[in-house]
Amino acid sequence: MKNLIISPAVNLKTNEVEFFLKTLRKYYMDDIYFLVGKKDIDLKKKINFYNSKFYEVNEHGYDIQLKRYKHFSKILEENSNKYDQVLFCDCRDIYFQSNPFEYNYKGSINFFSEDIKFNTCPINSSWVLNTFGKKIYDDLKNKTVCCGGTLLANINLMIKWLNLMDKLILAYPFKKRLKYLLTLRRDKEGRGCDQAHGNYIYYKKFFKDSHLYSNKEGPVATVFYLKNIKFNKNFQLINELGEPYSIVHQYDKRWDEFSDNVNAIKKTLGVF
């Protein structure tokens, strides 16, 4: 059976997705599914060029962050007999250094941590406080944050996780500040609050056969808070075991440290 990668790309420009695709296709030839908008004409052409698939959704680019789960669930439920393992991930700020499925994962559903705890991260604290409230925040405040932009599981557990995320987002929406409620505007501080729901799922043990990987030694680097940035002679980011990460996430947030290596990789791949 094939593996599958699913990623939202609504309203993204082609150059925001091409580095993701070019690095991925160096190592991985199974299916990729992107969520796109009806007007993303050039993006669809680029996705087709890399032998990937897309699924059109009628969602605002801002709203897809919280609504992606129901769309991905539909895709997987319609193709549940075709795939084995599924990687859910962002695409705009990710590139690959190997095939993400060629790692000996410990769980049937695998989460990947950041290098920060809730009580030292204002934005993650705000997402939990304004969705689940203070009691749950107190339960999580000393925990390490799980990244909401990468998750790998077998297809059955991925479908369950997607459906659970969708239900929790509806049950525990981000509480808008009054000025946004009165004017019916979006509260931009709520974008990304689904990370609170994902952490709630992991730490409340909704899945027994789950595993949380260290950001320092695992296969995925979420680099915004990563303390040690080190590259090998092949321009690959390596973990504290000296092994290249498979996935590098949020590299744009540390651009001063990544620019030379990323540009070197782009040059070898013909991406500019």
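Annotations for the structure displayed:
- When the chain is treated as a GNM with alpha-carbon contacts under 10 Å, the residue of Pro122, Pro100, Pro219 showing the greatest mean-square fluctuation is Pro122.
- Charging the Cβ of each Asp and Glu at -1 and of each Lys and Arg at +1, and nothing else, the dipole of the chain about its Cα centre rounds to 740 debye.
- Only Lys, Arg (+1) and Asp, Glu (-1) charged, at Cβ; region 43-149 dipole about Cα centre in debye: 160
- The chain: most fluctuating residue of Asn104, Asn163, Asn142 per GNM, C-alpha cutoff 10 Å: Asn104
- Above-threshold pairs, the threshold being 32 Å between Cα atoms, out of Lys22/Lys253; Lys208/Lys233; Lys53/Lys230; Lys70/Lys266; Lys106/Lys230: Lys208/Lys233; Lys53/Lys230; Lys70/Lys266
- Loop-located chymotrypsin sites (Phe, Trp or Tyr not before Pro) in region 188-225 (DSSP state other than H, G, I, E, B) with a sparse environment of at most 15 neighbouring Cβ atoms within 10 Å: Phe206.
- The distance from the alpha carbon centre of region 1-51 to that of region 231-272 is 20 Å, rounded to a whole number.
- For the chain, modelled as a GNM whose springs connect Cα atoms under 10 angstrom apart, the maximal fluctuation among Leu226, Leu66, Leu151 occurs at Leu226.
- Most tightly packed first, judged by the mean number of other beta-carbon atoms within 10 Å of their residues, the peptides 230-238, 105-113, 79-87 read 105-113, 79-87, 230-238.
- Prolate/oblate/rounded label for the chain (Cα gyration tensor, a/c 1.5): rounded
- DSSP H segments from the chain that extend 20 Å or more along their own axis, Cα-based, with Kyte-Doolittle mean of 0.5 or above: 155-171
- Computed E for Lys233/Thr120 - FRET, C-beta separation, R0 35 angstrom, nearest 0.05: 0.55
Where a number appears in this text, it was derived from the coordinates with a stated rule and is not lab data. Owing to the predicted nature of the structure, the values given are computational and were not obtained by experimental measurement. Positions of Cβ are backbone-derived with ideal geometry, glycine not excepted, and every protein chain shown enters the neighbour counts.
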